[in-house]
Structures are given as structure tokens and as C-alpha cells.
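What follows is a set of notes on a single structure, which appears directly below.
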């Protein structure tokens with residue numbers, strides 16, 4: 001028997017139930033999704049449901065809440081999500097791939113070695129801001145470097161208001177720094193490349209035992225251990241969604257507010273001399289002036305342009321392949337070439 005409060009049940013979901021449903025039904029949360037079945041948790045414990053009972057099984061995500069009948073195994077309906085994390089499906093498809101639902105906090109995990117990639121972190125920050133989820137950057141494997149200051153400084157410059165924690169995933173005292181986001185009723189999702197220490201984090205934060213693998217010799221890159229998304233109870237009372245490492249991560253078309261992930265860019269937009277400025281060398285361009293004065297990092301502007309153009313040209317999920325009519329901005333030619341924008345590790 002599981003406690004609904006610990007599972008993340010809250011007034012937002014309670015208010016979606018009618019008086020009759022409160023008597024005839026009970027809520028259950030999706031903990032795992034497999035090819036032919038899913039696992040749900042509720043006050044009745046753990047149950048297995050065949051995917052065939054869902055009219056649209058492709059619209060299910062770990063973390064979703066279902067309304068189950070007191071008698072029977074076919075869900076009445078899925079409750080409206082409070083938040084949704086999604087990306088564009090891998091490859092050339094246009095569908096949206098769900099990552100997790102009803103998440104409060106996104107732990108963006110990266111290690112202090114060759115895995116550290118500012119462009120990848122920026123993508124996850126954009127994902128979190130668009131979903132209305134609080135991002136927290138977690139730096140792991142500090143024992144691999146002599147000084148973590150450079151990593152902390154680089155991450156902090158991405159967004160002044162995003163919390164950054166440097167932890168040894170094996171050290172319980174250091175993991176206590178993450179406790180504020182892991183309490184009863186809260187749901188955390190972990191994202192990051194394979195081998196950055198996510199499984200070790202889960203083993204020490206949650207009531208779970210995930211398989212772990214040592215980093216490969218020579219390049220310090222980790223090896224893939226998580227193969228599917230799953231929900232885990234946290235020791236401090238909350239819930240955690242683990243995700244596999246993703247080889248490719250593109251933002252899905254939709255409501256992602258990329259500007260929120262780039263506050264220094266957002267502060268400049270709308271302040272050019274001309275309202276129709278395309279930031280491509282026009283007189284009075286606030287963006288160009290900021291880059292030339294050094295108050296705006298050219299790499300950050302390049303990353304913003306890439307993400308904005310990518311999102312605007314990705315067709316909305318489950319629609320035709322009609323192209324966006326919004327012009328693709330040309331990147332400013334000042335500054336170094338931006339890092340690769342995709343995650344190069346195992347795909348979830």
C-alpha cells in the first residue's frame with residue numbers, strides 16, 4: 001500500500017475529480033511503461049495494466065495520473081498534467097516523445113570531465129523553462145579534476161537564478177544539499193548523458209538499486225546502464241523519474257519559452273533602434289552592441305539562435321510537415337564556433 005501524498009498527489013489533481021468519481025474511482029500514478037504493459041502505483045499498491053486498455057497508449061508518460069475504477073482494470077481517463085517534459089522524437093520524425101509528466105524539478109546532471117558541455121546544459125534549461133519545471137544543475141565526479149571552480153563558474157554564467165550543486169553521489173552528507181527538492185509530494189526528474197553518475201545518485205537518493213558502470217578508460221565517458229524511464233520513491237518522501245541517456249535531444253515544437261533560459265538575451269530583445277531589427281548588423285542593434293562590448297557572450301547568442309531556429313522549424317507533433325514561415329536568423333559571425341548541440345551518448 002502506497003501513500004498518495006508521497007506519490008505526488010495534490011489539490012491540482014484532486015480538483016479534477018467529480019463527486020461521483022471520488023466514490024467510484026481511485027487515482028493511480030504510472031511508475032513504468034513497457035512495450036506491452038505499464039506498472040501503476042496507488043493506495044492499493046502496485047498493479048500491472050496491459051497497454052491495450054488505453055485508447056492512446058502513445059500519449060502515456062511516467063508520472064501521469066490515471067483515474068481507475070474501484071471495480072475493473074480499464075482506466076476511466078488520464079488526469080490533466082500539471083507539467084510535461086518532452087522532446088522531438090529522434091531521427092527525421094516529427095512526433096513528440098514524452099520524457100516525464102507532473103515533474104516539479106529537473107536535475108540536470110553532468111560530470112566534471114569531457115562530458116561537461118554548455119550547449120547541452122542550455123538545451124535542458126530551455127526544456128525546463130518551457131515546461132514550467134525548476135531546473136537544478138548537478139555537477140558530479142569532482143574527484144576526476146583538481147579544481148571544480150572552472151566548471152562551477154561556467155555553469156553559473158548560464159543563468160544567475162539556477163541552483164548549482166557539486167556533489168559526490170556516494171557521499172550522503174553532500175547529497176543532503178539536494179534534500180529541498182526531494183521532500184514528500186515533490187517529483188524530480190534526472191536527465192543527462194550516460195555515465196555521469198545518475199544511477200549512483202538514484203541508489204543514494206532513492207529506495208532503489210540501479211546498475212552502475214565505471215567510466216571507460218581513456219576518455220572518462222560513462223557507459224549506458226539505464227534503459228527505460230521509471231519512477232522511484234525518494235528516501236526524503238518525494239518521487240524521482242530516471243531517464244536513459246539521450247544521443248539526440250531536440251526541443252519539440254510547442255510552448256518552450258527559450259528566452260527564459262537566456263535571461264541576458266531576453267533583456268536585450270526589444271531594445272534595438274528599429275523594431276524590425278534582425279540582429280544581423282543593422283545600425284542600433286542592441287544585440288550586436290552587447291557582443292562587441294563583451295556584455296553578451298557570442299557563444300550564448302549562437303546557442304540561442306540555434307535553439308530558436310530549431311524549435312520554429314520543427315513541425316508541431318502529429319501534424320503535417322508544413323514548414324514554419326518564420327525566417328531562420330543568421331548567426332552573428334563574431335566569436336568562436338559553438339559546441340555541438342546534441343547529446344552524443346546512448347539514446348533513451
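The values are calculated or read from the model by the stated rules, or taken from the named source; none is laboratory data. Nothing here was measured: the structure is a model prediction, and the numbers come from that model. In this analysis, Cβ positions are derived from the backbone assuming ideal geometry, glycine residues included, and neighbour counts consider all displayed protein chains.
Per the conditions (1) buried (at least 18 other Cβ atoms within 10 Å of the Cβ); (2) touching a strand residue (DSSP E or B) at 6+ places or on another chain (Cβ under 6 Å), the sole criterion not satisfied by residue 113 is (2). Counting only helices (runs of 4 or more DSSP H) that sit completely within segment 1-97, those holding 1 or more residues that are within 26 Å of residue 125 (Cβ to Cβ) and outside the structural domain of residue 189 (by TED's automatic domain parsing) correspond to 11-14. Mind checking whether some residue in segment 113-127 is in a helix (DSSP H, G or I), within 16 Å of residue 258 (Cα to Cα) and free of Cβ contacts under 8 Å to residues at least 40 places away in the same chain? Yes - at least one qualifying residue is present in segment 113-127. Would a scan of segment 212-230 turn up a residue that is touching a strand residue (DSSP E or B) at 6+ places or on another chain (Cβ under 7 Å), at pLDDT below 90, in a helix (DSSP H, G or I) and outside the structural domain of residue 30 (by TED's automatic domain parsing)? For segment 212-230, residues touching a strand residue (DSSP E or B) at 6+ places or on another chain (Cβ under 7 Å), at pLDDT below 90, in a helix (DSSP H, G or I) and outside the structural domain of residue 30 (by TED's automatic domain parsing): absent. The residues on offer are 140, 110, 134, and the sole one that is touching a helix residue (DSSP H, G or I) at 6+ places or on another chain (Cβ under 9 Å), in the same structural domain as residue 233 (by TED's automatic domain parsing) and modelled with pLDDT of 95 or more is 134. One residue stands out in segment 128-147 among those that are in a helix (DSSP H, G or I) and touching a strand residue (DSSP E or B) at 6+ places or on another chain (Cβ under 9 Å): the one that is surrounded by the fewest Cβ atoms within 10 Å (Cβ to Cβ), namely 144.
Listed here are the residues, each with its yes/no results for (1) surrounded by 12 or more Cβ atoms within 10 Å (Cβ to Cβ); (2) modelled with pLDDT under 95; (3) out of contact with any helix residue (DSSP H, G or I) (no Cβ under 6 Å at 6 or more places or on another chain); (4) closer than 20 Å to residue 241 by Cα.
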{"site": "14", "(1), (2), (3), (4)": "yes, no, yes, no"}
{"site": "21", "(1), (2), (3), (4)": "yes, yes, yes, no"}
{"site": "27", "(1), (2), (3), (4)": "yes, no, yes, yes"}
{"site": "31", "(1), (2), (3), (4)": "yes, no, yes, yes"}
{"site": "57", "(1), (2), (3), (4)": "yes, yes, no, yes"}
{"site": "62", "(1), (2), (3), (4)": "yes, no, yes, yes"}
